[in-house]
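Just so it is clear, none of the values below were taken in a lab; they were calculated from the coordinates. These figures come from a predicted structure and were not determined experimentally. Cβ: placed from backbone, ideal geometry, glycine included. Neighbour counts: every protein chain shown.
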Amino acid sequence: MTAAPLRSGRRVRVLCEASSTTGLGHFVRSVALARALTARGAEVEVLLRPDALPRAREAVAAAGLDLGTGDWNAVALPSDRPVDVVVDSYRVTGAWLAALHGALRAAGGRLTVVDDLADRAFTADVVVNQNLGAERLPYPGAGTVLAGPVHALLRPEFPATRAAALASAHRLPDVPRSVLVLFGGTDPSGMTGPAAHAALAAFPGATVRVIHPAETAPDPELAAHPRVELLGPRPEVHRDMLGADLVVTAGGTTLWELCCLARPAAVVAVAGNQTAVYDGMGAGGYVLPLSRAPERSVPRLAARLAELTGPGRLREVALAAATVTDGSGTTRVAEVLLA
């Protein structure tokens, strides 16, 4: 069956993770969707858990969104008009989602679930899975499934700079002169340091820019290195991506941002839930597959980086990556929800 879409003017609550243990991927994509829904007339509030990072709460305000308060279990309580809910969390069960869906439907609301794994049995009006190969995953309890990177939930600055990024991809060098190391907003795997040292060893002529989480102290050896620039959290990270000839990163939501911007990415799958995307993206030639699991041996990482690059390789991978998503997935999803 086809789910009845949300209507402009309805109240929407977006529940997403934003802690040091879950990372900020859920948060970034959920806020992107919240902004798109707000721009189309919905009244949106973002509801975070108590363990959410303070900078996530600050980012909600900076995006011009309302930060909701209260228990996630109370989101479906009857109000003066129906509430629609978007959930993006691995830490809720299928039974919890099914119960929420039932309560919302009884009150005239609808449930959208942003999912990556299809590892829970639940019911929902809409499921969004932005990963490569998601169309092959079963969601028998979903009314509508929006699958694949064509629905990747990216911030508007990415599609806005895509044309310039595509033009620059044709000018990428054979050997990177500038490498960006980026392992998400919190880097729970601890891969930032080993990856940065490996990039320095693999590309002795390159500048290495390292984005490290605000909650961790910078590596003093990296901080003292003349070819390293240490950076904190970057609200406009798309500019840093555009300035890089190669990005060393994890296999999470950052990949779709890099694909939109036609940036070659050397990827480490830092968690088990990233391996399917890692395998698919590597097999398709959309990324440089650096390691299928966290690898902290700098010599091995450096050797693999050097092996993966060569004449024309960065340009080839960048242009292939650009075919994966055009960056307009947030618009597509919002239009389905608010049609």
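List of remarks:
- Length-normalised contact order of the chain in % [C-alpha pairs under 8 Å, at least 6 apart]: 19
- FRET efficiency for GLU215 and ALA106, using Cβ-Cβ distance with R0 set to 35 Å, rounded to 0.05: 0.30
- Summed side-chain charge close to ASN73 - residues other than ASN73 whose Cβ falls under 15 Å, Lys, Arg +1, Asp, Glu -1: +2
- Rounded FRET efficiency, nearest 0.05, which uses the C-beta distance separating ASP80 from GLU135 and R0 of 30 Å: 0.20
- Over segment 11-134, Cα pairs under 8 Å with separation of 6+ residues give a relative contact order of 24 percent.
- Alpha carbon Rg of segment 11-147, scaled by the compact-globule rule 2.2 N^0.38 Å: 0.99
- Remark: the LEU117-ASN273 segment gains 55.4 nm on full extension, using 0.36 nm per residue and subtracting the alpha carbon distance.
- Charge dipole (the chain, unit charges on Cβ, about Cα centre) - positive-most of ALA169, LEU182, VAL75: ALA169
- Gain on full stretching of the segment that runs from ARG177 to ARG300 - 0.36 nm per residue minus C-alpha separation: 42.2 nm
- Of the GluC sites (Glu not before Pro) in segment 215-323, those whose Cβ has at most 15 other Cβ within 10 Å and which sit in DSSP loop: GLU215, GLU236
- Most positive-pole-ward Cα, HIS212, VAL44, ALA98, against dipole of the chain from beta carbon charges: VAL44
- Potential lengthening of the chain between ALA339 and ASP66 amounts to 96.0 nm, from the contour at 0.36 nm per residue minus the alpha-carbon distance.
- For segment 11-147, the dipole from Cβ point charges (+1 on Lys and Arg, -1 on Asp and Glu) about the Cα centre works out to 120 debye, to the nearest 20.
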